[in-house]
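Engineer: Take a look at the following structure, please.
Nothing in this text is a laboratory measurement; each read-out follows from the coordinates by a stated rule. Model, not experiment: these values are computed from the prediction. Backbone-built Cβ (ideal geometry, glycine too); neighbour counts: all protein chains shown.
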Amino acid sequence: MIIEELNNILGKAPAFRMKQAYKSVFQDLITDWSENTTLPKETRADLKEACSLDISVEFADSKKSDALKALIELEDGAKVETVLLRHSDGRNTACISSQVGCSLGCKFCATGMLGMERNLTVGEMVAQVLVFARYLKEKKAKHQRITNIVFMGMGEPMMNYQAVMETIRLLNNTDVFGIGARHMSISTSGIIDGIEYLSNEPLQVNLAISLHAPNDVLRSQLMPINRKYGIKDLMNSVKHYREKCGRRVMFEYIMLDGINDAPEHARELAELMQDKLYMVNLIRYNPTGVFKPSKAEKIEQFKRILQRSGVHVTQRHAFGSDINAACGQLATKRNKKA
Ligand code: SAH
Ligand code: SF4
């Protein structure tokens, strides 16, 4: 992928050469090195030979045009899905994948059902943003900038920590996409080591926790990782992050009919959320054949109980539901190896 090949070729050249290459690829969005005018001819020839700018991608456009799904075929034949959410206020959020599959097997998650294939490389993560930037330019979209990044596609970002952080640093680099760290979020199923590392990062990236259940018995049934990192330890580690970084933390909660949506669950959840910087995002379940989504009245009731206890609650907008493009619903078909 482009990043790794650029490092091979320009890693030892003066730093400004890499800047020039980044600018061409990520800002001018060239698709062939002959379009570059800043690098020496010989470098361009080397790059043309060894750093292909082609990315094998298929797009699925939502009819409502609020979401765009891209299926990228990687060099080893593995396939990875990624989604662009196009907000009406002009923001464009790329929901990117960090792994092919995932080893954590959450019961409601399409990616979890695939099992784990491998971690994605930095180049493969950056490419997921690049394909959308190229698409928006080609379609002469009104709003072409990718403004936000969420690691909420396939995989557990904290299990690919170093590469995810390197990707964030690149996306933040003003010669690449210049996306503010505060506009990037990592969502985790609660890998405590990763949350601890993140508390020590200089970049102010947002943290989201996939909680989905307010007690250990239920959470361990839905998310096997809870047997290793239980709710008490998880909440302590989030508290530490929040004290250190002073940033808001979002807790994601998928509403599953008859499973985690009773008033009692809302009360238990409210107990855990007694911190002004915590907020709950109630998520509509995208059916994966295992559970049923909660009914609208149940969600309203749940929300009211939380609000009455002073908890800040939001509801995730159902983006791209007509193309199965919502986060957490990616790669429902098994990846074919080459
Ligand atoms: N592994 C990380 C990030 C990827 S999943 C994590 O679990 O946080 C991104 C989000 O989609 C998580 O909140 C996840 O719980 C949610 N999700 C998974 N399956 C879903 C489904 N079927 N419907 C709605 N959200 C889902
Ligand atoms: Fe993995 Fe996240 Fe899906 Fe759980 S919800 S299986 S951690 S991708």
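Engineer: Quick check for you: which residues of the range 147-185 have the amide N under 13 Å from the point 7 Å beyond the Cα of residue 314 toward its beta carbon?
Structural biologist: Answer for the range 147-185: 148-150, 183-185.
Engineer: Show me 201-212, 43-54 ranked by packing, highest mean number of other Cβ atoms within 10 Å first.
Structural biologist: 201-212, 43-54
Engineer: Can you give the net charge of the other residues whose Cβ lies under 11 Å from the Cβ of residue 83, counting K and R as +1 and D and E as -1?
Structural biologist: 0
Engineer: By how many nm would the segment from residue 137 to residue 52 grow when fully extended, if each residue of separation counts as 0.36 nm and the alpha-carbon distance is taken off?
Structural biologist: Extra length from residue 137 to residue 52 when fully extended: 28.6 nm.
Engineer: Rounded, prolate or oblate: which one fits the range 1-54, using the alpha carbon gyration tensor with axes a ≥ b ≥ c (rounded when a/c is under 1.5, else prolate when a/b beats b/c, else oblate)?
Structural biologist: rounded
Engineer: So who's got an amide H within less than 5 Å of the one on residue 118, skipping anything under 5 residues away but keeping other chains? H placed 1.01 Å off N, in plane.
Structural biologist: It is 100, by chain and number.
Engineer: Right, something else. Set Lys and Arg Cβ to +1 and Asp and Glu Cβ to -1, take the dipole of the chain about its Cα centre, and tell me which of 307, 38, 262 lies farthest positive.
Structural biologist: Selected residue: 307.
Engineer: Next up: Which trypsin sites (Lys or Arg not before Pro) does the range 124-206 hold that lie in a coil by DSSP with at most 10 other beta carbons within 10 Å?
Structural biologist: Answer in residue order: 140, 142.
Engineer: Using helices alone, I'd like the mean residue ellipticity at 222 nm for the chain: each DSSP H run of four-plus residues gives -39500 (n - 2.57), total over residue count, nearest 500.
Structural biologist: -10000 deg cm²/dmol
Engineer: If you plug each phi of the range 280-296 into the Karplus form 6.51 cos²θ - 1.76 cosθ + 1.60 with θ = phi - 60°, what whole-Hz ³J(HN,Hα) values come out, in order, with x for Gly and Pro?
Structural biologist: Values, residue by residue: 10, 10, 7, 10, 6, 6, 8, x, 10, x, 10, 10, 10, x, 5, 6, 4 Hz.
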